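This report concerns only the one structure given below.
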Amino acid sequence: MTPFAGKTYWLVGASHGLGREVARQLDREEARLILSARSEDALQELTQELRHATALPMDVTDTNAVAEAARDAGPLDGVIYNAGAYEPMRTQDWDSGSVLQMSDVNFTGALRVLGEVVPGFVRQRRGEITLVGSLAGYRGLPASIGYGASKAALISLAETMRYDLKGSGVTVRLVNPGFIKTRLTVKNSFRMPQLLEPEDAARHVVAAMRTRRFRTDFPRPFSFAIKALHLLPDLIVYRGK
Ligand SMILES: NC(=O)c1ccc[n+]([C@@H]2O[C@H](COP(=O)([O-])OP(=O)(O)OC[C@H]3O[C@@H](n4cnc5c(N)ncnc54)[C@H](OP(=O)(O)O)[C@@H]3O)[C@@H](O)[C@H]2O)c1
C-alpha cells in the first residue's frame, strides 16, 4: 500500500515533460489522477497508458474554463500545479505577449486553480497542495524576464500559504527544480548544470509528495549554489556586471 493509493489528485500541466512523468509515477503508486493541460490528444494518449487517469483538458489562462474543470474534477485529495511557460528573454528584447503569457500560466493560472480548490480543502480541514516553482524564482537572473518574476511570485504565494495553513490539516508543498530536459529547456543556448531527465526530476517531485516537508529544492549541489547566490549581498553578486 502506497501513501497515494486511492487518493485523487488533480495534476495541472500533465501533458508533457515533468508533469507527464509525475503522472506515470503516481499512477504506478495507485493514485487516481485527473490530468489537465491544453493538449487534449496528449492527455488522452497518456490516460490510455495509465490505469486510473481521466483527461480534463483546460487552459489555465481562462478563468471560466478553470472553474468548470474544477467542478468536473469533483472531490479531491490534492492538487499539483505544474503548468508552466518559458521563453528566454532579455529586458532589451521585451515581447509583451510572451511575458504576459508566462505570468498568466506560471502565476495567475495557479491563483485560478487554487481559488477553486483551496476553500474546500480549508473547510474539510484536509487536502494537499503541491506547487512546482523553479530555482529561477530565488533571484532575478539574466534573460529571465517574465519567467523568473512569475516563479518568484509563486514561491512567495506558497510561503504565505505555508504560514496561514499551519495546523489547518491542509499540507502545502513547494517543489523547485533546477534544469530538466524538456521542450522548455531546448530553448536555452547556455550550459545547464546538472540537467535532469524528466523521469529523474519526477522522482524528486513524487518523493517530496511522500512527506509533509514544505520546501524541496533540487538537484543538489546546484540548488545550494542558487540559494547561496540569493543570500549574497548585491555588492558581490553584481561586481563588474
Ligand atoms: N524544464 C525545466 O528546466 C524546469 C525547471 C524548473 C521548473 N520547471 C517547471 O516545471 C513545470 C513543467 O515544465 P516542463 O519543463 O515539463 O515543461 P513542458 O514540457 O512544456 O510542460 C509544461 C506543462 O504545462 C502545460 N501548460 C502550459 N501552458 C498551459 C496553459 N495555458 N493551460 C494549461 N496547461 C498549460 C503544458 O501543456 P499544454 O501545452 O498541453 O497546455 C504542459 O503539460 C513548469 O512549471 C516549469 O516552469 C521546469
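The residue list T91, T108 contains one member that is over 18 Å from G13 (Cα atoms) and open to solvent by 40 Å² or more (accessible area, probe 1.4 Å), which is T91. Only residues that are within 11 Å of the ligand (Cβ to nearest atom) and open to solvent by 30 Å² or more (accessible area, probe 1.4 Å) were counted across the stretch 164-181, and they come to 2. Just one of the numbered conditions (1) part of a loop (DSSP other than H, G, I, E, B); (2) more than 21 Å from I80 (Cβ to Cβ); (3) without any contact (Cβ under 8 Å) to a residue 24 or more places away in the chain is not true of K166: (2). Looking at the stretch 42-68 only, could you name the residues that are under 18 Å from the mean Cα position of the chain (by Cα) and in a helix (DSSP H, G or I)? Those that are under 18 Å from the mean Cα position of the chain (by Cα) and in a helix (DSSP H, G or I): L43, V66. In the set (1) out of contact with any Asp or Glu (no Cβ under 9 Å at 6 or more places or on another chain); (2) over 24 Å from A73 (Cβ atoms); (3) among the small types (G, A, S); (4) within 13 Å of the ligand (Cβ to nearest atom), G146 fails one condition alone, (1). The set of residues in the stretch 51-61 that are in contact with a strand residue (DSSP E or B) (Cβ under 7 Å, 6 or more places away or on another chain) and open to solvent by 20 Å² or more (accessible area, probe 1.4 Å) comprises H52, A53, T54, A55, L56, P57. Count of the stretch 1-41 residues, restricted to those that are open to solvent by 10 Å² or more (accessible area, probe 1.4 Å), under 15 Å from the mean Cα position of the chain (by Cα) and either more than 10 Å from the ligand (Cβ to nearest atom) or of a type in the set (D, E) (or both), is 1.
Taking the criterion of being surrounded by 18 or more Cβ atoms within 10 Å (Cβ to Cβ), part of a loop (DSSP other than H, G, I, E, B) and touching a residue at least 60 places away in the same chain (Cβ under 8 Å), the only residue of the stretch 183-236 that qualifies is L184.
Among the residues of the stretch 68-87, those that are closer than 19 Å to E116 by Cα and either surrounded by 15 or more Cβ atoms within 10 Å (Cβ to Cβ) or within 12 Å of the ligand (Cβ to nearest atom) (or both) comprise A69, A70, A73, L76, D77, G78, V79, I80, Y81, N82, A83, G84.
Take the conditions (1) at pLDDT 95 or above; (2) more than 26 Å from R220 (Cβ to Cβ); (3) open to solvent by less than 70 Å² (accessible area, probe 1.4 Å); G146 misses just one of them, which is (1).
The values are calculated or read from the model by the stated rules, or taken from the named source; none is laboratory data. Computed from a predicted structure; not experimentally measured. Glycine also receives a Cβ, built like all others from the backbone with ideal geometry; neighbour counts cover every protein chain displayed. Keep in mind that these areas ignore ligands, DNA and RNA; they rest on the heavy atoms of the full protein, side chains included. Shrake-Rupley method; radii C 1.70, N 1.55, O 1.52, S 1.80 Å.
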